[in-house]
Amino acid sequence: MKTEAATRQVTDRQLNRYATFLYDRTGIRISPQKKTLLSNRLRRRMKALGIDDYDAYYELLTRLDPNDPEWDAFLQEITTHETYLFRDPNQWEWFSKKYLPAIQSEARKGQRPKSLRIWSAACSTGDEVYTIASCIASSLANHSQWKIEILGTDIGIGALEEAREARFGRRAMQQVPESLRRRFFTKVDGETWEPKPVLRNWTKFQQHNLMEPLKARSFDLIVIKNVLIYFDPGSKKTVFANVDRVLAKGGHLVTGPAEGISDLLKAYERIHPWLHRKPSK
Ligand SMILES: C[S@@+](CC[C@H](N)C(=O)[O-])C[C@H]1O[C@@H](n2cnc3c(N)ncnc32)[C@H](O)[C@@H]1O
């Protein structure tokens with residue numbers, strides 16, 4: 001039989017404290033309807049630590065150093081890391097068939113240097129980063145003559161460790177076109193693939209909270225997908241300002257299909273609901 005501690009839910013007051021804490025640290029909003037979900041997830045961490053009181057776990061969290069592994073374990077429970085390679089195939093079709101040929105043609109005419117900087121913001125376990133790399137390897141002719149940098153960032157340390165390890169299972173690889181899988185990935189065992197060095201050499205991963213400005217030179221393209229949906233309007237505005245700061249003039253922004261930031265993108269050119277271009281002046 002389950003004990004009371006193993007099944008009871010957070011009270012409204014406790015939910016409120018956890019929600020405010022998470023919001024202040026990450027910009028993510030937990031709605032009151034998520035009471036059961038939050039309770040279940042908190043209990044998993046509390047069980048692992050031998051704590052059976054929501055207030056005691058809350059006190060522990062508020063005292064933690066941001067580098068303490070428990071902070072990341074808490075975040076891993078609370079946030080969604082769902083991702084896989086070639087998610088939203090139409091976006092990668094645009095990237096491979098329109099964007100990359102266009103920059104190639106600009107470079108040929110001497111209108112841009114042979115360099116490309118891309119930021120995959122909230123990249124989770126790196127699947128998006130390796131999708132970008134695979135498209136470049138297959139669609140940018142003479143890419144060895146280009147300076148290519150793909151930065152993947154996420155708030156989750158565990159997710160980034162997986163991204164750096166870059167081992168992708170059957171589910172993550174399911175949408176990767178067969179020809180790309182054969183050319184750019186090596187089978188490690190029956191169920192796992194890893195990207196070849198040509199892709200790895202372009203990638204870099206770094207921990208970053210989207211609520212903070214990223215210290216980096218500007219990017220030609222920024223991909224930020226399936227993360228802003230968890231933020232409220234105030235946090236979306238902060239994140240967008242941080243993204244806009246490091247997007248080059250004339251640069252492209254790829255978002256998820258429903259991030260709810262269209263009112264922030266009024267100054268940008270709308271190419272598709274998920275694709276916007278920053279003015280070049
Ligand atoms: C659902 S995944 C999206 C992964 C990928 N972009 C995609 O669309 O497949 C959301 C990611 O956002 C990250 N995240 C949540 N809040 C964040 C924040 N404040 N700063 C940076 N990353 C955050 C989570 O850790 C998680 O890995």
Added length on full extension, which subtracts the Cα-Cα distance from 0.36 nm per residue, Arg270 to Asp65: 69.6 nm
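Taking a threshold of 29 Å on the Cα-Cα distance, which of the pairs Lys215/Lys236; Lys47/Lys204; Lys35/Lys225 fall above it?
Those over the limit are Lys47/Lys204.
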Euclidean distance of C-alpha centroids, segment 111-161 and segment 198-263, integer Å: 13
Taking N as its residue count, the alpha carbon Rg of segment 65-174 over 2.2 N^0.38 Å: 1.24
The chain - Rg (one decimal) and Dmax (whole number), Cα, Å: 20.6, 73
Estimated dipole of the chain in Debye, rounded to 20 [Cβ of Lys and Arg +1, of Asp and Glu -1, Cα centre]: 1220
Percentage, to the nearest whole number, of Cα pairs in segment 135-281 over 25 Å apart: 38
Segment 4-78 shape via C-alpha gyration tensor axes, a/c threshold 1.5: oblate
Selected from Ile132, Ile78, Ile51 as most flexible by GNM, with the chain as the system and alpha-carbon contacts under 10 Å: Ile51
Residues of type aspartates and glutamates that Lys34 reaches as a straight line, Cα spacing below 16 Å, ignoring anything fewer than 8 places off in the same chain: Asp12, Glu77, Asp232
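With +1 assigned to the C-beta of every Lys and Arg and -1 to the C-beta of every Asp and Glu, and no other charges, what is the dipole magnitude of segment 1-142 about the Cα centre in debye, to the nearest 20? Show your work: numbers first, answer last.
On the way: 22 positive and 18 negative charges, 123 e Å.
Dipole about the Cα centre, nearest 20: 600 debye.
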Dipole-positive endmost among Ala107, Ala216, Trp119 within the chain (Cβ charges, Cα centre): Ala107
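Of Lys237/Lys281; Lys97/Lys237; Lys98/Lys278, which pairs sit farther than 20 Å apart, going by alpha carbon to alpha carbon? Intermediate results must be reported in sequence, preceding the final value.
Working: Lys237/Lys281 22 Å; Lys97/Lys237 31 Å; Lys98/Lys278 17 Å.
Beyond 20 Å: Lys237/Lys281; Lys97/Lys237.
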Over the chain: helical MRE at 222 nm, DSSP H runs n ≥ 4 each giving -39500 (n - 2.57), nearest 500: -12000 deg cm²/dmol
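Bear in mind that the values in this text are calculations on the coordinates, not laboratory data. A quick note: this is a predicted structure, and the numbers were derived from the prediction, not measured. Note: ideal-geometry Cβ built from the backbone for every residue, glycine included; neighbour counts use all protein chains shown.
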